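> Dropping a structure here in structure tokens format, bear with me for questions.
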Amino acid sequence: SQTIHQWPATLVQPVGSPLSLECTVEGTSNPNLYWYRQAAGRGLQLLFYSVGIGQISSEVPQNLSASRPQDRQFILSSKKLLLSDSGFYLCAWSVLGENTEAFFGQGTRLTVV
Amino acid sequence: GDSVTQMEGPVTLSEEAFLTINCTYTATGYPSLFWYVQYPGEGLQLLLKATKADDKGSNKGFEATYRKETTSFHLEKGSVQVSDSAVYFCALGKTGRRALTFGSGTRLQVQP
């Protein structure tokens with residue numbers, strides 16, 4: 001069966017510090033991978049989307065970047081965090097090319113102080 | 001472009017009450033429709049789905065019917081429990097589209 005792992009679960013970082021959140025998927029090959037952000041009490045904002053290694057689409061211009069160094073690994077990064085980067089970050093995967101459901105990780109609660 | 005509209009929350013119900021959370025969509029073609037549930041501090045879990053018109057998705061007592069004529073996918077449950085308290089998201093997906101399109105979410109609070 002397929003599983004998705006996302007870590008860390010919670011993170012408190014000072015303004016101006018770097019960020020690295022990691023997501024890995026097991027039990028499937030060549031998935032679509034996604035990073036979403038959810039501000040407190042708000043809906044989901046799609047940040048990045050990837051259909052393959054090294055292929056990243058950015059949905060919203062911002063202080064963040066994403067990379068896909070391996071088929072089932074997706075990393076969200078920032079060189080210098082802003083207060084506005086605080087939120088709940090969710091990684092997800094779906095079957096490539098199909099209008100099927102996405103499967104989500106447990107999320108990372110990021111607080112920038 | 002494609003969009004999903006959900007009723008505003010929070011929805012507050014007493015235990016054993018009937019639940020309806022409205023969801024309507026705008027899309028070309030033949031999307032698949034989904035309901036996700038998010039419990040506090042957790043990621044989203046797929047609750048149910050429907051892939052074509054008149055399909056009924058069901059899971060854990062929740063149901064939703066894909067109504068193409070009214071472009072709706074309303075979530076219903078006959079008798080809610082305190083444990084159903086969560087945020088519910090309606091979403092649509094289409095082949096070739098980058099990602100699912102989500103509604104803004106509806107918070108459900110069930111009181112004992």
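> Checking A:Asp85 against (1) open to solvent by less than 60 Å² (accessible area, probe 1.4 Å); (2) under 23 Å from B:Tyr36 (Cβ atoms); (3) of a type outside the set (A, V, I, L, M); (4) under 15 Å from the mean Cα position of the chain (by Cα), only one condition comes out false. Which one?
(2)
> For the subset of the stretch B:47-60 comprising residues that are within 14 Å of another protein chain (Cβ to nearest Cβ) and among the polar types (S, T, N, Q), which member is farthest from B:Thr26 (Cα to Cα)?
Restricting to residues being within 14 Å of another protein chain (Cβ to nearest Cβ) and among the polar types (S, T, N, Q), the top hit is B:Asn59.
> Only one of these is away from chain A (no Cβ under 14 Å), over 24 Å from A:Phe88 (Cβ atoms), exposed (fewer than 14 other Cβ atoms within 10 Å of the Cβ) and of a type outside the set (A, V, I, L, M): B:Glu63, B:Glu16. Name it.
One residue alone meets the criteria, B:Glu16.
> Might you let me know whether the stretch B:69-84 holds any residue that is open to solvent by less than 50 Å² (accessible area, probe 1.4 Å), within 8 Å of chain A (Cβ to nearest Cβ) and among the hydrophobic types (A, V, I, L, M, F, W, C)?
No, there is no match, as no residue in the stretch B:69-84 is open to solvent by less than 50 Å² (accessible area, probe 1.4 Å), within 8 Å of chain A (Cβ to nearest Cβ) and among the hydrophobic types (A, V, I, L, M, F, W, C).
> Now for a different question. Quick check on the stretch B:36-46: of everything there that is at the interface with chain A (Cβ under 10 Å from one of its Cβ atoms) and among the hydrophobic types (A, V, I, L, M, F, W, C), which residue is farthest from the chain's Cα centre (by Cα)?
The qualifying residue farthest from the chain's Cα centre (by Cα) is B:Leu44.
The values are calculated or read from the model by the stated rules, or taken from the named source; none is laboratory data. Note that the structure is predicted; figures quoted are calculated from it, not measured. Because the Cβ atoms are built from the backbone with ideal geometry, glycine has one as well, and the counts that use them run over all protein chains shown. Surface accessibility is based on the protein's heavy atoms, side chains included, excluding ligands, DNA and RNA. Shrake-Rupley method; radii C 1.70, N 1.55, O 1.52, S 1.80 Å.
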